[in-house]
Structure formats: structure tokens, C-alpha cells
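Engineer: Quick one: the structure is below, and I'll ask about it shortly.
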Amino acid sequence: LKIALVSSHGLTLQARHGYFAPPKSEDLAAQEKEEIRDAVFSLDESHTLPVEVHPQFFMTSETDARVTVITHIDLRSLRFRKDAGRNFDKLTLVTVLFDQDGHEVDAQNKVLEFQTHDAVLEKYLESGVTLNGRFNVKPGRYRVRTDLRESESDSRPV
């Protein structure tokens, strides 16, 4: 990296030698948790898994409100693992509510584990799965972020 200043009057430069990547945890659960946290707090969006997110805002009293987040997951593109006549997969949905200043207000984590026979899986594939999250808040402006992970394919979060 080379830096050239047009005028260096009154300026100082600080630098360190080399680049050090953050250490990777050898604990897979901790690594997955960190990846989810990074995805939720990222400004980037990913749409690799078929999901629809519908936030709704309700006043429950003059001073209290509720944000309901309805998340519908289309399961048809997921790759279920077949073992002993059953279809296996695990979905992890994290929903985070941020206030208007970008501060985390609340978060919910839901895990769906599928261990179904073919007939039951067919019904899920036709209808999909809907999960609801509810957050009790004060009236105001909020932003919702979701992260959906799936265990049986290489799909990344949405």
C-alpha cells in the first residue's frame, strides 16, 4: 500500500506492518453463531434461500406496541438428507429488531428440525413453513433483519 499526500502540513500517518485476519474458532457452533451475527449486522443482503418476510406493527395500548414478523419459508429448493426412510434437515432462523438508530432492541432464534417420512415431507413442500416472531416495543420506527440457515446444503443465509 502506498500513500501519497498532496500537502502533509499538520497531518500525521500511523500504520502497522502486515495484515492479521481474525482468528477462526475451531468450535463449529461458535463459528456458526459468529457467522449469523455478522450476517444480521451486515448491510449486505443475500437471497439464496426462498423466504418471504412480512413485518407488522400493532399498537397494543397508548404506550405499547408489538412488532410481529411473519416469515414464510419455501422448502422446495432445500436438499433434505435421506436416511433410514426419513428426510432430515435443520433450519435456523434468527430475527433481529433494530431501533431507528441501528441499535439492537431484541432478537429471536428459532430452530426447525425435520425428520419426516416422504408423505409428510410432500405436504411441507407444497405449503412451506411459516414462523412468527413477536416483539413487544414502544411506539417508534424499527428495522427487521433475518438470517436463515440450512444444514443440508451449501446455501448461505438470506
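The values are calculated or read from the model by the stated rules, or taken from the named source; none is laboratory data. Bear in mind the structure is a predicted one, so any value in this text is a computation, not a measurement. Using ideal geometry, Cβ is built from the backbone for each residue, glycine included, and neighbour counts are taken over all protein chains shown. Remember, those area values only see protein heavy atoms, side chains included, never the ligands or the DNA or RNA. Shrake-Rupley method; radii C 1.70, N 1.55, O 1.52, S 1.80 Å.
Engineer: List every residue pair whose Cβ atoms lie under 7 Å apart, where the two residues are 6 or more positions apart in sequence or sit on different chains, the first residue falls within segment 1-25 and is under 18 Å from Asp38 (Cβ atoms), and the second residue, located anywhere, is surrounded by 10 or more Cβ atoms within 10 Å (Cβ to Cβ) and modelled with pLDDT of 70 or more.
Structural biologist: Final answer for the pair search is Lys24/Gln31; Ser25/Gln31; Ser25/Glu34.
Engineer: Additional query: Please specify each residue of segment 30-64 satisfying the condition of being part of a loop (DSSP other than H, G, I, E, B), over 26 Å from Pro139 (Cβ atoms) and either among the polar types (S, T, N, Q) or in contact with a Gly (Cβ under 6 Å, 6 or more places away or on another chain) (or both).
Structural biologist: Residues satisfying the conditions are Ser42, Ser46, Thr48.
Engineer: Taking into account only those residues within segment 110-125 that are in a helix (DSSP H, G or I) and touching a Leu at 6+ places or on another chain (Cβ under 9 Å), which is least open to solvent (accessible area, probe 1.4 Å)?
Structural biologist: Let us first name the residues in segment 110-125 that are in a helix (DSSP H, G or I), namely 118-125.
The next check asks that each one be touching a Leu at 6+ places or on another chain (Cβ under 9 Å); those that pass are 121, 124-125.
On the way: Leu121: 16, Tyr124: 86, Leu125: 36 Å².
Top of the filtered list is Leu121.
Engineer: Now, a different point. Somewhere in segment 131-153, is a residue assigned to a strand (DSSP E or B), within 20 Å of Gln31 (Cα to Cα), out of contact with any Asp or Glu (no Cβ under 8 Å at 6 or more places or on another chain) and of a type in the set (Gly, Ala, Ser)?
Structural biologist: No, segment 131-153 contains no residue that is assigned to a strand (DSSP E or B), within 20 Å of Gln31 (Cα to Cα), out of contact with any Asp or Glu (no Cβ under 8 Å at 6 or more places or on another chain) and of a type in the set (Gly, Ala, Ser).
Engineer: Looking at the structure I just gave you, is Arg143 more than 17 Å from Ser46 (Cβ to Cβ), open to solvent by 40 Å² or more (accessible area, probe 1.4 Å) and of a type in the set (D, E, K, R)? Working first, answer last.
Structural biologist: Details: more than 17 Å from Ser46 (Cβ to Cβ): no; open to solvent by 40 Å² or more (accessible area, probe 1.4 Å): yes; of a type in the set (D, E, K, R): yes.
In short, no.
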